[in-house]
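To start, the structure under review is shown below, and the notes come after it.
The values are calculated or read from the model by the stated rules, or taken from the named source; none is laboratory data. Please read these numbers as outputs of a predicted model, since none were measured by experiment. Cβ placement follows ideal geometry from the backbone for every residue including glycine, while neighbour counts extend to all protein chains displayed.
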Amino acid sequence: GDYCAGGFGFFILTMTGLKKKGKLQVVFGPMFSGKTSELIRRVQRYNLAGYRCLVVRYTHDNRYSTDSVATHDGMALNAILTSKLCDISHLVEPYDVIGIDEGQFFPDIVEFCEAQSDSGKKVVVAALDGTYQRAAFGRVLGLIPLAEEVLKLNSICMSCSAEAPFTKRIGRETEVEVIGGAEKYMSVCQDCYVSEPTIARSPFKNLRPPAYVIPINLL
């Protein structure tokens with residue numbers, strides 16, 4: 001017990017004594033592809049390693065929780081809410097890792113992520129890469145030249161069960177920013193995107209609010 005505690009303490013002291021190395025990681029994908037789950041997994045790993053972590057969520061996205069970053073299946077992390085990342089610049093200084101969910105909604109996502117990773121922080125962004133019209137979503141693709149790692153996830157087509165890289169809107173709204181879940185969107189393959197897909201029953205339609213929140217180190 002004493003040996004493990006001492007070893008862990010040495011690791012923390014050694015890690016905090018090193019020069020900070022900034023890094024930007026971006027996780028792209030359509031709806032229901034596991035982007036937020038991957039964000040949570042990465043932030044959890046940093047948290048377990050002793051990094052001070054902060055998670056940021058878009059103010060108007062309250063589909064599954066009012067104060068957390070939450071997945072479709074109920075996993076959640078405590079988060080702070082904002083509609084512009086520049087508004088929280090004064091809050092991020094004590095932290096080593098910044099996780100940003102739904103990055104496509106933030107108008108200043110590129111400038112914020114560049115500044116924070118250049119300053120030595122590790123930034124993890126989960127975002128839609130394309131709109132329901134298969135166009136670039138906001139400015140989020142501007143993160144690609146700045147990122148050390150870019151991961152593109154696929155979902156499963158809710159019509160034919162093939163690989164699904166696209167999001168199709170099944171609601172009647174025409175605005176780009178329409179926040180919703182399986183009642184408004186479905187993940188589809190290319191064939192089902194260009195045709196009229198059969199709308200399969202989504203396992204997320206009757207989702208209850210998250211039953212628990214995973215604790216994370218917040219100063």
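Considered as a group, the residues in segment 60-75 that are closer than 22 Å to Gln25 by Cα and among the β-branched types (Val, Ile, Thr) include one that is modelled with the lowest pLDDT, and that residue is Thr71.
Taking segment 117-126 as the range and being over 17 Å from Val150 (Cβ atoms) and either modelled with pLDDT under 95 or not basic (Lys, Arg) (or both) as the test, the residues that pass are Asp118, Ser119, Gly120. Out of segment 92-149, which residues are small (Gly, Ala, Ser), free of Cβ contacts under 8 Å to residues at least 40 places away in the same chain and touching a strand residue (DSSP E or B) at 6+ places or on another chain (Cβ under 8 Å)? Across segment 92-149, the qualifying residue is only Ala136. In segment 31-55, the residues that are under 30 Å from Lys168 (Cβ atoms) form Cβ pairs under 6 Å with partners that are buried (at least 23 other Cβ atoms within 10 Å of the Cβ) and among the acidic types (Asp, Glu), at six or more places apart or across chains, as follows: Thr36/Asp101; Leu39/Asp101. Residue count for segment 185-199, restricted to those that are at pLDDT 80 or above and buried (at least 18 other Cβ atoms within 10 Å of the Cβ): 7.
Within segment 71-101, restricting attention to residues that are surrounded by fewer than 23 Cβ atoms within 10 Å (Cβ to Cβ) and of a type in the set (D, E, K, R), which residue is nearest to Lys23 (Cα to Cα)? My answer is Asp96.
Quick one: is Ala147 more than 17 Å from the chain's Cα centre (by Cα), within 21 Å of Glu38 (Cβ to Cβ), modelled with pLDDT of 95 or more and surrounded by 15 or more Cβ atoms within 10 Å (Cβ to Cβ)? Explain how you work it out, then say what you get.
Working: more than 17 Å from the chain's Cα centre (by Cα): no; within 21 Å of Glu38 (Cβ to Cβ): yes; modelled with pLDDT of 95 or more: yes; surrounded by 15 or more Cβ atoms within 10 Å (Cβ to Cβ): yes.
No; evaluated as a whole, the condition is false for this residue.
The numbered conditions (1) outside any helix (DSSP H, G or I); (2) touching a strand residue (DSSP E or B) at 6+ places or on another chain (Cβ under 9 Å); (3) surrounded by fewer than 21 Cβ atoms within 10 Å (Cβ to Cβ); (4) modelled with pLDDT of 85 or more are all true for Gly50 except (2).
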